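Undergrad: Structure below; questions to follow.
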């Protein structure tokens, strides 16, 4: 990418950033910006069968495909931007690079689950010295 790029393939990074900024600050400006982005998608990228990117945002010329990350990431972050913070709270969950939420499990949670006989996954934590093969 370069400054002045005029195409838009509906990537998630801006909406993802707005989601985190809103969750961390509570500033509704980030939701307003997200709503503006969604409305722009509806106005400029919506077609009968889904959404498409734009070859040039200045002319409105559309491309002919909807990228998988639009549904998997961009719309997910837009949904979360307007959801209450109790939906996937950030002190309990982390998102990987593909926007999949992963529960945060610390050592104490894993050990407690094992002691209580719960069916939560028990994660064996190795020290850095141990390495991948369990040896030195």
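Undergrad: Take each of the peptides 69-77, 38-46, 85-93, average the number of other beta-carbon atoms within 10 Å over its residues, and list them starting from the highest.
TA: The most tightly packed comes first, giving 69-77, 38-46, 85-93.
Undergrad: Continuing with the same structure: For the stretch 13-116, what's the radius of gyration and Dmax over Cα atoms, in angstrom?
TA: 17.4, 63
Undergrad: Arranged from highest to lowest average of other beta-carbon atoms within 10 Å per residue, in what order do the peptides 52-61, 94-103 appear?
TA: 52-61, 94-103
Undergrad: Return a whole-number percent for the relative contact order of the stretch 13-116, with Cα pairs under 8 Å and 6 or more residues apart as the contact set.
TA: 21
We did not get these values from a lab; they are worked out from the coordinates using the rules stated. Predicted model only: the values in this text are computed from it and were never measured. When we count neighbours, we look across all protein chains shown, and the Cβ atoms used for this are built from the backbone with ideal geometry, even at glycine.
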